[in-house]
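Heads up, the thing below is written out as structure tokens.
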Amino acid sequence: MTTFDSYLEQVLDRIPRHLPLRDQVAQDLRSTFADRQARGEGADEAIRQLGDPTALAESYLSAVPMRPAPFMARVGAKLVDALLYGMALPIPAIVLLRMTFTGTNTGPRTIAVVLILGLIGMGFWLLSAAAETRYGRTPGKKLMGLHVVRESGRRIGFGQAIVRQLPMFLNIFWIDALFALFTERHQRAFELLSRTRTVRDA
């Protein structure tokens, strides 16, 4: 049996975490639920009347304007993210990179460096996807006043975040990014594929 608290959590979970709208929704739904109970309506009936959590969240989000993110702001956000991640690169990777160009038996060292650099690149990919899933944006997007949503305005899922970040992992980021210059909502190719958008903060 669904309780009101669990129902409310389902609704809020679909709304991007940084939006002030979350507090408004929580207050509205608590007030509505209390009014229904005061009229003698059971909890199950009140929840049924409120409807599907996804549909309810999207009805609230429909009032939030979704202005496409400027292209250069998106580029700036990606550069900030890359810079922050680059500053956190593990020292052993740099040491191994230097070792590759010294000595005579460089084969195993070269393989080790390639593997480590590959893992570092995968780490950037996964961390970016995790940040967009959890917070709706990476540090760079936060600095630039941007966030990521589904086309309906809801929070994105981890699978969508992974697909969004694939161009970076596949080293086709600039090709993918060029789509944002020509699509109606300024969406990248892999944003169209994942049904997501990058928009300005409200």
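A few remarks follow.
- Test: residue in the stretch 73-80 that is of a type in the set (D, E, K, R) and open to solvent by 70 Å² or more (accessible area, probe 1.4 Å): no
- Contact map, the stretch 170-198: first residue hydrophobic (A, V, I, L, M, F, W, C), second residue in a loop (DSSP other than H, G, I, E, B), Cβ cut-off under 6 Å, separation 6 or more or different chains; pairs are Ala177/Arg188; Phe179/Arg188; Ala180/His186; Ala180/Arg188.
- Qualifying residue in the stretch 128-140 (condition: charged (D, E, K, R), open to solvent by 40 Å² or more (accessible area, probe 1.4 Å) and not in a loop (DSSP other than H, G, I, E, B)): yes
- Phe179, sole failed condition from (1) surrounded by 18 or more Cβ atoms within 10 Å (Cβ to Cβ); (2) modelled with pLDDT of 85 or more; (3) touching a helix residue (DSSP H, G or I) at 6+ places or on another chain (Cβ under 6 Å): (1)
Residue by residue, here is whether (1) at pLDDT 90 or above; (2) under 20 Å from Val75 (Cβ atoms) holds:
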| residue | (1), (2) |
| --- | --- |
| Lys142 | yes, yes |
| Gly157 | yes, no |
| Leu170 | no, yes |
| Ile175 | no, yes |
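- Residue among Phe190, Phe169 that alone is surrounded by fewer than 18 Cβ atoms within 10 Å (Cβ to Cβ) and of a type outside the set (S, T, N, Q): Phe169
- Filter result (open to solvent by less than 70 Å² (accessible area, probe 1.4 Å) and aliphatic (A, V, I, L, M)) within the stretch 37-66: Ala43, Ala46, Ile47, Leu50, Ala55, Leu56, Ala57, Leu61, Val64, Met66
- All helices (runs of 4 or more DSSP H) inside the stretch 4-62 with 3 or more residues being free of Cβ contacts under 8 Å to residues at least 24 places away in the same chain and hydrophobic (A, V, I, L, M, F, W, C): 21-38
The values are calculated or read from the model by the stated rules, or taken from the named source; none is laboratory data. Fair warning: this is a prediction, and the values are worked out from it, not measured in the lab. Glycine gets a Cβ as well: all are built from the backbone with ideal geometry, and neighbour counts include every protein chain shown. Just so you know, the surface numbers come from the protein's heavy atoms only, side chains and all, with ligands and any DNA or RNA stripped out. Shrake-Rupley method; radii C 1.70, N 1.55, O 1.52, S 1.80 Å.
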